[in-house]
Each structure stands twice: as structure tokens, then as C-alpha cells.
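Below is one structure; the comments refer to it alone.
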Amino acid sequence: MRRPRRKGFQAPPDDQPKPELPQSFQPTTEISFELSETSQLQLRVYDLLGREVRTLVDGRKDPGVYKVTFDASGLASGTYICRLEVHRADAPHGETVFHTRKMMLIR
């Protein structure tokens, strides 16, 4: 059995998410992200036509490091977009940070 590969988003104090590599996987991968403060967030995966194929996280999370497994079984080989949307409640005017990463599913 293969170990899942990891992808990551990190929201350090400046809230600029940063990825981990590699960007290709088969058929599961682990997506990690770190929050510096309590936030409402969504982590979704889209195909290249912009259709949502999975919602991995949708809710409020406390500060910390999180890991989510994305199981792409049943999806076609190809490129997918992982989008992290973080709503910072304590930021002026309720700032929202978006960050995206390409992922290549290889069978």
C-alpha cells in the first residue's frame, strides 16, 4: 500500500499560505495547513472546468496544524485545483484570504 503524498498550505503570522511539495499524487494525498488564529475556512478541490469535485473542510477551526486526506479514487487522471479560503473574523472588514495549488492525479 502506498503512503499518501503530502501537500500543504500554511498560514503563518502574515497569513500567506505556503505549499509543500510534491504536487503530483496517486490516488490519495495529504493536504496540510496551519492557522495562526481561529478562522472560518473552506478547503475544496475543483477540476479544470471549475466544477467542485470535493469539499474537504467547511467550518470553523482553532489555531493549529491540520491534515486532511484527499482520496481521488473515482476521479479521472489529470490536473485539479485545491483552494483554501480563510475568513479572518478579527481582521478589519472581515478579511478573506484565498490560496490555490495545482495537483496532478497520475494513475
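The values are calculated or read from the model by the stated rules, or taken from the named source; none is laboratory data. Worth saying up front: this structure is predicted, and the values here are computed from it rather than measured. Cβ atoms come from the backbone with ideal geometry, glycine included; neighbour counts cover every protein chain shown.
Annotation: H93 fulfils all but one of (1) outside any loop (DSSP other than H, G, I, E, B); (2) touching a strand residue (DSSP E or B) at 6+ places or on another chain (Cβ under 9 Å); (3) at pLDDT below 90; the unmet one is (2). Checked against (1) at pLDDT below 90; (2) on the phi > 0 side of the Ramachandran plot, F9 meets all criteria but (2).
So, of the residues in region 53-80 that are acidic (D, E) and surrounded by 11 or more Cβ atoms within 10 Å (Cβ to Cβ), which turns out to be farthest from E30 (Cα to Cα)? Residue satisfying both the conditions and the ranking: D58. For region 45-52, the criterion of being surrounded by 15 or more Cβ atoms within 10 Å (Cβ to Cβ) and in contact (Cβ under 8 Å) with a residue 40 or more places away in the chain is met by at least one residue.
The set of residues in region 97-107 that are surrounded by 14 or more Cβ atoms within 10 Å (Cβ to Cβ) and not β-branched (V, I, T) comprises H99, R101, M103, L105. Filter region 45-86 down to the residues that are over 11 Å from the mean Cα position of the chain (by Cα), more than 17 Å from R107 (Cβ to Cβ), among the aliphatic types (A, V, I, L, M) and outside any loop (DSSP other than H, G, I, E, B) and list them by number. Answer for region 45-86, where residues must be over 11 Å from the mean Cα position of the chain (by Cα), more than 17 Å from R107 (Cβ to Cβ), among the aliphatic types (A, V, I, L, M) and outside any loop (DSSP other than H, G, I, E, B): just V65.
The single condition among (1) aliphatic (A, V, I, L, M); (2) at pLDDT 95 or above; (3) in contact with a strand residue (DSSP E or B) (Cβ under 8 Å, 6 or more places away or on another chain) that L49 does not satisfy is (3).
The residues of region 84-96 that are buried (at least 16 other Cβ atoms within 10 Å of the Cβ) and touching a Leu at 6+ places or on another chain (Cβ under 8 Å), listed by number, are L84, E85, V86.
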